[in-house]
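The values are calculated or read from the model by the stated rules, or taken from the named source; none is laboratory data. Just so it is clear, the model here is predicted, and its values are computed rather than measured. Cβ coordinates were reconstructed from backbone atoms using ideal geometry, including for glycine residues, and neighbour counts include every protein chain displayed.
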Amino acid sequence: MLAIFLKTLPFFAIIALGYGAGRTRFFNEDATAYLTKFVFYFALSAMIFRFSANLELAQVWDIRLIAAYLWGTAFVYGIATLIGFLRRLDVATTAIEAQCAVIGNIGFLGLPMLSLLLGEAAIGPIMMMLAVDLILFSSLIVILVTGSRDGRMSIKIFRTIGIGLVKNPMIVAMSLGLIWSGFSLPIPVPLNDFLAILGGAATPGALFAIGASLASKSTERIEVAGWLTFCKLILHPAFVGFAAIYLFSVDSYSAAVIIAASALPVAGNVYMLAQHYGIAPQRVSAAILVSTLLSIATVSLVIAYVSNF
């Protein structure tokens with residue numbers, strides 16, 4: 001356990017460094033926004049393309065792995081939704097809370113950290129999880145929020161979803177990389193070096209940006225943040241693990257990867273959605289802050305546990 005904690009500590013130390021820079025205003029919100037944009041559109045996209053271009057589709061498209069992740073995620077999503085309705089929340093707020101319960105920081109934190117801690121073979125399962133989150137659950141939140149406000153489904157909703165997916169650089173980079181791999185095209189040395197250098201900025205840049213963005217987060221509705229953190233850090237990996245091991249017989253290594261990735265804290269893009277639609281942004285902000293702080297301990301525990309697989 002101590003060895004795993006010491007391996008994860010540098011990642012969280014960079015987050016803490018970013019948080020300190022944000023709190024002291026040395027790195028203000030505008031600077032954080034531009035750093036996030038650089039990581040999202042350039043560095044992380046380069047990393048994802050390079051990883052994808054060196055993967056075979058079979059390493060990403062594993063039906064049992066997808067089924068296990070979907071089952072575990074949908075189950076926790078359903079629990080959070082049920083609790084939201086029992087608290088008499090409206091559909092949009094319930095959907096945002098359910099999103100917090102299952103959408104982890106796989107892109108900015110999971111991909112760089114777990115590929116180093118668990119090996120490059122972890123990239124395939126992580127890419128699959130990222131695709132499911134971006135394509136299915138990001139689409140679902142748009143459908144639920146927009147549908148609840150308009151009172152009906154419309155073609156406009158699906159057009160919005162389609163445009164959002166096409167404009168998402170992580171989806172584009174992953175798709176182009178898999179197409180490149182599918183045609184068995186070699187990556188020219190200069191291009192590979194370019195992608196390696198640019199993608200190398202993704203890990204420190206993303207972690208620093210996470211910390212700097214946390215500096216502006218509030219801790220309002222702390223009891224709700226605590227419940228959503230429990231869903232994300234405890235229930236989500238537990239049910240994904242149950243599905244992977246007992247229901248779908250996923251191989252032990254892939255099961256370890258998706259359990260570890262499911263234990264990551266609430267993703268920052270959930271806050272972006274909440275802010276965009278004006279739905280409980282402070283609640284989401286608190287959930288991101290609390291889950292990230294507690295994940296320093298819980299992620300190490302989960303990785304130590306799955307390492308025994």
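Scanning the stretch 1-27 for residues that are of a type in the set (D, E, K, R) and closer than 29 Å to Leu118 by Cα gives a single hit, Lys7.
One line per residue, one yes/no per condition, for (1) within 25 Å of Arg64 (Cβ to Cβ); (2) buried (at least 24 other Cβ atoms within 10 Å of the Cβ); (3) at pLDDT 95 or above:
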residue	(1), (2), (3)
Ala98	yes, yes, yes
Val102	yes, yes, yes
Pro112	no, no, no
Leu117	yes, no, no
Gly124	yes, no, no
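Among the residues of the stretch 159-188, write down those that are hydroxyl-bearing (Ser, Thr, Tyr), assigned to a helix (DSSP H, G or I) and either within 23 Å of His276 (Cα to Cα) or over 20 Å from the mean Cα position of the chain (by Cα) (or both). Outline the logic, then answer.
We begin by selecting, within the stretch 159-188, every residue hydroxyl-bearing (Ser, Thr, Tyr); these are 160, 175, 181, 184.
Now narrow it down to the ones that are assigned to a helix (DSSP H, G or I): 160, 175, 181.
Within the stretch 159-188, Thr160, Ser181 meet the criteria.
Taking the stretch 189-298 as the region of interest, the helices (runs of 4 or more DSSP H) fully inside it that hold 2 or more residues being within 25 Å of Thr73 (Cα to Cα) and either modelled with pLDDT under 95 or polar (S, T, N, Q) (or both) are 202-214, 222-230, 252-262, 268-277.
Condition test on Phe242, is it in contact with a helix residue (DSSP H, G or I) (Cβ under 9 Å, 6 or more places away or on another chain), among the aromatic types (Phe, Trp, Tyr) and within 27 Å of Thr32 (Cβ to Cβ)? The answer is no for Phe242.
What single numbered condition from (1) touching a residue at least 40 places away in the same chain (Cβ under 8 Å); (2) within 19 Å of Ile83 (Cβ to Cβ) fails to hold for Ala255? For Ala255, the exception is condition (2). Where helices (runs of 4 or more DSSP H) fall wholly inside the stretch 14-121, the ranges with 3 or more residues that are of a type in the set (A, V, I, L, M) and free of Cβ contacts under 8 Å to residues at least 24 places away in the same chain are 63-86.
Taking the stretch 12-54 as the range and being among the hydrophobic types (A, V, I, L, M, F, W, C), under 30 Å from Asn308 (Cα atoms) and surrounded by fewer than 21 Cβ atoms within 10 Å (Cβ to Cβ) as the test, the residues that pass are Ala13, Ile14, Ala16. Listed conditions (1) part of a helix (DSSP H, G or I); (2) buried (at least 16 other Cβ atoms within 10 Å of the Cβ) are all met by Lys156, apart from (2).
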